Amino acid sequence: MPSVVFLRGVNVGGANLCRPAKLARELVKFGVVNIGAVGTFVVRENVSQSTLRAAIAKRLPFKCEIMIVPAANVLKLASKDPFVRQPSVADITRFVSVLHKRPRELPALPLSLPSEDEWLLKIIAIQDRFVVGLYHRQMKAIRYLSTIEKRLGVAATTRNWNTIQKVVQILKDV
C-alpha cells in the first residue's frame, strides 16, 4: 500500500541537514516523491514500514524520528476538510501535526493556547495520528507547537495544510 513519510526535525535552524530531493532519488525503487525541503515524501510502491524506515535511516547522516502513515489515512483526513468552518485569513496558518503514535488520552477540544480569548494556537481536531489546528503567524505562536508533544505525550512533526494538500494531489495521481 502507498504511504507517506514525515521526518521530524529535518533542516530546522541549520541542524539535521538533509537534501530531501537527493534522498528521494536514492529511494527511487520505492517510488518516492519528495514534497518540499523538510522531509515529507509520498511512497508510491507497496513496501513494508520496517523496510522503508531502514532504507531512509541508512541514508541519513543523523538520527531522526521517521513517521510513516498509510496513504489511505492521509486521504481520509483530507476528504473531511477539517478546516471547513475555520477562518481563512492571511495571518492564520492551518497545520497538521503527525504523531509518532496515537495518544492514550485526548484533550478536550478545541484546545486554545495560551487561552480561549487570546489564542495563538488552536487544536480543532485529532483524528488517529493527526492533530489539526491553526496558529497565528507570530513568533510567539511557534513555541506552542512544541506543547502539542508535551500535552499528548507523543513525538510530533508539523506540516502546513498546503503540504498535506500537495501530498493528496500526488496520491490521487498514483
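The values are calculated or read from the model by the stated rules, or taken from the named source; none is laboratory data. Predicted, not measured: the structure shown is a model, and the values here were computed from it. Here Cβ is always computed from backbone atoms with ideal geometry, including for glycine, and neighbour counts include all displayed protein chains. In case anyone asks, the SASA skips ligands and DNA or RNA and just uses the protein heavy atoms, side chains included. Shrake-Rupley method; radii C 1.70, N 1.55, O 1.52, S 1.80 Å.
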**Among residues of the range 57-115, those that are in contact with a strand residue (DSSP E or B) (Cβ under 7 Å, 6 or more places away or on another chain), among the hydroxyl-bearing types (Ser, Thr, Tyr) and either open to solvent by 70 Å² or more (accessible area, probe 1.4 Å) or at positive phi (or both), counted** = 0
**Asked** Within the set of pairs 6 or more residues apart or between chains, which connect a residue that is over 10 Å from Leu121 (Cα atoms) inside the range 132-149 to a residue that is among the polar types (S, T, N, Q) and part of a loop (DSSP other than H, G, I, E, B) with Cβ atoms less than 9 Å apart?
**Response** none
**Prompt:** Only one residue in Asn34, Asn16, Asn11 is among the polar types (S, T, N, Q) and at pLDDT 95 or above. Which one?
**Reply:** Asn34
**Message:** Name the single residue that is nearest to Pro110 (Cα to Cα) among those in the range 128-174 being open to solvent by 40 Å² or more (accessible area, probe 1.4 Å), touching a strand residue (DSSP E or B) at 6+ places or on another chain (Cβ under 6 Å) and assigned to a helix (DSSP H, G or I).
**Reply:** Glu149
**Complete:** Only unsatisfied item for Thr40, checking (1) modelled with pLDDT of 95 or more; (2) in contact with a Phe, Trp or Tyr (Cβ under 8 Å, 6 or more places away or on another chain); (3) more than 30 Å from Trp119 (Cβ to Cβ), is (3)
**Fill in**
When (1) closer than 23 Å to Gly39 by Cα; (2) of a type outside the set (D, E, K, R); (3) not in a loop (DSSP other than H, G, I, E, B) are applied to Ile124, the one that fails is (1)
**Prompt:** Yes or no: Lys122 over 15 Å from Phe6 (Cα atoms), surrounded by 14 or more Cβ atoms within 10 Å (Cβ to Cβ) and modelled with pLDDT of 95 or more?
**Reply:** yes
